[in-house]
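The values are calculated or read from the model by the stated rules, or taken from the named source; none is laboratory data. Only a predicted model underlies this, so the values are computations on that prediction, with no experimental measurement involved. Don't worry about glycine lacking a Cβ; one is built from the backbone with ideal geometry, like all the others, and counts go over all protein chains shown. Heads up: the accessible areas ignore ligands, DNA and RNA and are worked out on the full protein's heavy atoms, side chains in. Shrake-Rupley method; radii C 1.70, N 1.55, O 1.52, S 1.80 Å.
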Amino acid sequence: MPTIERDHVHAVYDTIADHWDGTRYAPWPRVVEFIQSLEPGTLIADVGCGNGKYMQPTYIGRPVASGRGVIGCDMSKNLISICGKRSFNALVCDGLLLPYRDGAFDAALSIAVFHHISTKERRLRALSELARIVRSNGQILIYAWAQEQDDDSRRRFQTQDVLVPWHLKKNPKQKRKKREKKKVKKVKKVKKE
């Protein structure tokens, strides 16, 4: 593993896992849409699962992985520990050398992972591993940061492959609970109408 990934990705995520969990808990709607488009009973690999936000059955009363089986993996032992506390099926492993048999999954996700892989060759290896573990005619969804950003984005990248620092904020889990309560109230209000 390249030093840049070990020191600036894996070590960082193990250090910030609790904080990250307090700020990165809401599933992205398009990823949920993809998961829900898959037949109930589908077996999904979530490679780079982080805190397991795509493994949860529901989020604020809306389906996420409900009715589908999701097995997650991530290089961060501390993020996998968070998954374990939530009783999600997840293990620590390298996305470039997945411990699954060929064609074991109906689908795979790799959300916000590829931009952490430092070389084109390693990214191709990760893509090859996703293709290997998904059955023929299965589906793979990959999201990664792009150099090109919309006008309303907070990020501007002058070049590709830049390091973006993580800024720790105070009490992210308290803010998370407040935001989730507000969202639940909004969902309940919409359902009543």
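Quick one: ranking Arg135, Arg68, Arg101 by accessible area, 1.4 Å probe, largest first, what do you get? Mind dumping the intermediate values first?
Working: Arg135 100, Arg68 35, Arg101 175 Å².
Reading off the accessible areas and sorting them downward yields Arg101, Arg135, Arg68.
Starting from the Cα-Cα distance between Lys85 and Leu168, subtract it from 0.36 nm times their residue separation and give me the gain in nm to one decimal.
Working: separation 83, 0.36 × 83 = 29.88 nm, distance 2.25 nm.
Between Lys85 and Leu168, full extension yields 27.6 nm more.
Read phi for every residue in the range 88-97 and hand back ³J(HN,Hα) as whole Hz from Karplus 6.51 cos²θ - 1.76 cosθ + 1.60, θ = phi - 60°, with x for Gly and Pro.
Result, rounded to whole Hz: 8, 7, 8, 9, 7, 6, 8, x, 8, 8.
Kindly state, to the nearest 0.05, the FRET efficiency for Glu33 paired with Asn137, given R0 = 22 Å and r defined as their beta-carbon distance.
Working: r = 20 Å, r/R0 = 0.90.
Efficiency for this residue pair is about 0.65.
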